[in-house]
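Q: Quick one: the structure is below, and I'll ask about it shortly.
Derivation of every value follows stated rules applied to the coordinates shown; laboratory data play no part. All of these numbers come straight from a predicted model, not from anything done at the bench. Positions of Cβ are backbone-derived with ideal geometry, glycine not excepted, and every protein chain shown enters the neighbour counts.
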Amino acid sequence: MRTWQKMEELVDRGLVRHIGTSNMTVPKLKLLLRDARIKPAVNEMELHPHFQQAQLFDFVRSNGMVPVGYCPVGSPGRPERDRTPEDTVPTQDPVIVRIANRLGVHPAVVCIKWAVQRGQIPIPFSTNRGHYLSNLEGVVSEPLTDAEMREISTIDRNCRLIKGQVFLWKDGQTWEDLWDLSGEITPP
Ligand SMILES: NC(=O)c1ccc[n+]([C@@H]2O[C@H](COP(=O)([O-])OP(=O)(O)OC[C@H]3O[C@@H](n4cnc5c(N)ncnc54)[C@H](OP(=O)(O)O)[C@@H]3O)[C@@H](O)[C@H]2O)c1
C-alpha cells in the first residue's frame with residue numbers, strides 16, 4: 001500500500017492520468033480495493049486461449065478495471081528460464097489453427113481477435129512489421145463468430161506460462177506460492 005499511495009500521489013499531482021496493477025491475484029486485489037483511494041484502472045495479467053483465468057478476469061471486470069492481457073499469443077519467444085515441459089502452445093491448438101485457416105491468417109491473429117472480443121486488451125510483442133500489421137488488422141476485420149468464441153472458451157488448459165520462478169527468494173518456495181492458488185494470500 002505504501003507503493004500504491006505514492007502512485008496515487010502521481011495522479012493527484014497531474015503527472016499521470018491512470019494507475020494500474022500487474023500480476024495481482026483476487027485476494028491481493030481485494031485488499032488493494034479495500035484500502036485504495038484511487039482504484040486501479042487496469043490489471044495486467046497473463047491471458048491467452050490456454051490460460052483464460054476466468055475467475056480473475058471476471059473479478060477485474062466486475063470491479064471496473066480493464067484486464068490487460070500479456071503473452072496473448074503464448075509468448076513463443078520467451079527465455080528458457082520461463083519454460084517447463086508441461087507448457088502448451090495456444091497457436092498450435094487445433095481449434096485456433098482451424099479458425100486461422102478459415103480466415104487465412106496466422107494462429108497468433110486468432111488469439112488477438114479472441115482477446116479483444118472477449119473484453120481484454122492484448123499486448124502482443126513483435127519486432128516483425130508484417131506480424132505487427134496483421135495483429136492490428138486482426139482487430140478491425142471480420143470478427144470471430146459466436147460459435148468460434150464459444151469453442152475457444154472450451155480450450156482453456158489452465159497453463160500459466162510465466163510462472164515467476166525468477167521471483168522466488170526463499171528456500172522451499174515454489175512458483176505456485178506467488179499466485180495464491182488456495183484463494184488466500186500465501187504467507188511471505
Ligand atoms: N507484466 C508482466 O509480468 C509481463 C510478463 C510477460 C510479458 N509481459 C509483456 O507482455 C508483452 C507480450 O509478451 P511476450 O512477448 O512474452 O508474448 P506474446 O506477445 O504472446 O509473444 C510474442 C511472440 O509472438 C510472435 N508474434 C506476435 N505476433 C505474431 C503474428 N501475428 N504472427 C506470428 N508471430 C507473432 C512474436 O514474434 P515476431 O517478433 O517474429 O513477430 C514474438 O516472438 C511484452 O510487452 C511483455 O513485456 C508482461
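Q: Across the range 84-117, what is the number of residues that are within 16 Å of T154 (Cα to Cα) and surrounded by fewer than 19 Cβ atoms within 10 Å (Cβ to Cβ)?
A: Number satisfying all stated conditions: 8.
Q: Only residues that are more than 18 Å from M149 (Cβ to Cβ) and aliphatic (A, V, I, L, M): list them for the range 63-106, please.
A: M65, V66, V68, V89
Q: Return the residue satisfying two criteria in turn: it lies in the range 1-24 and is touching a residue at least 12 places away in the same chain (Cβ under 8 Å) and small (G, A, S), and of such residues it is surrounded by the most Cβ atoms within 10 Å (Cβ to Cβ).
A: It comes out as G20.
Q: Can you pull out every residue in the range 25-43 that is touching a residue at least 60 places away in the same chain (Cβ under 8 Å) and either closer than 20 Å to D177 by Cβ or polar (S, T, N, Q) (or both)?
A: Result: T25, V26, P27, K28, L31.
Q: What is the one condition in (1) exposed (fewer than 12 other Cβ atoms within 10 Å of the Cβ); (2) at negative phi; (3) touching a helix residue (DSSP H, G or I) at 6+ places or on another chain (Cβ under 7 Å); (4) not in a helix (DSSP H, G or I) that K163 does not satisfy?
A: Condition (1) is where K163 drops out.
Q: Still on this structure: With the requirement that a residue be within 23 Å of V110 (Cα to Cα) and either surrounded by 12 or more Cβ atoms within 10 Å (Cβ to Cβ) or more than 12 Å from the ligand (Cβ to nearest atom) (or both), what does the range 71-82 give you?
A: C71, P72, V73, G74, S75, P76, R78, listed by residue number.
Q: Looking at the range 118-132, which of the residues that are surrounded by 16 or more Cβ atoms within 10 Å (Cβ to Cβ) and within 15 Å of I152 (Cβ to Cβ) is nearest to the ligand (Cβ to nearest atom)?
A: Restricting to residues being surrounded by 16 or more Cβ atoms within 10 Å (Cβ to Cβ) and within 15 Å of I152 (Cβ to Cβ), the top hit is P122.
Q: Hey, another quick one. Can you work out which of the residues in the range 50-70 that are buried (at least 18 other Cβ atoms within 10 Å of the Cβ), closer than 26 Å to H106 by Cβ and of a type in the set (A, V, I, L, M, F, W, C) is nearest to the ligand (Cβ to nearest atom)?
A: Ranking the qualifying residues of the range 50-70, first place goes to V68.
Q: Specify the residue that is surrounded by the most Cβ atoms within 10 Å (Cβ to Cβ); the eligible residues are those in the range 37-49 that are under 9 Å from the mean Cα position of the chain (by Cα) and charged (D, E, K, R).
A: Among those residues, the one meeting the criterion is E46.
Rundown of residues vs (1) within 30 Å of R2 (Cβ to Cβ); (2) of a type in the set (D, E), yes/no style:
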position	(1), (2)
R17	yes, no
S22	yes, no
K30	yes, no
E46	yes, yes
F59	yes, no
R78	no, no
P90	no, no
V95	no, no
C111	no, no
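Conditions (1) touching a Phe, Trp or Tyr at 6+ places or on another chain (Cβ under 8 Å); (2) within 20 Å of T84 (Cα to Cα); (3) in a loop (DSSP other than H, G, I, E, B), marked per residue:
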| residue | (1), (2), (3) |
| --- | --- |
| P124 | no, no, yes |
| V140 | no, no, yes |
| I155 | no, yes, yes |
| C159 | yes, yes, yes |
| I185 | no, no, yes |
| P188 | no, no, yes |
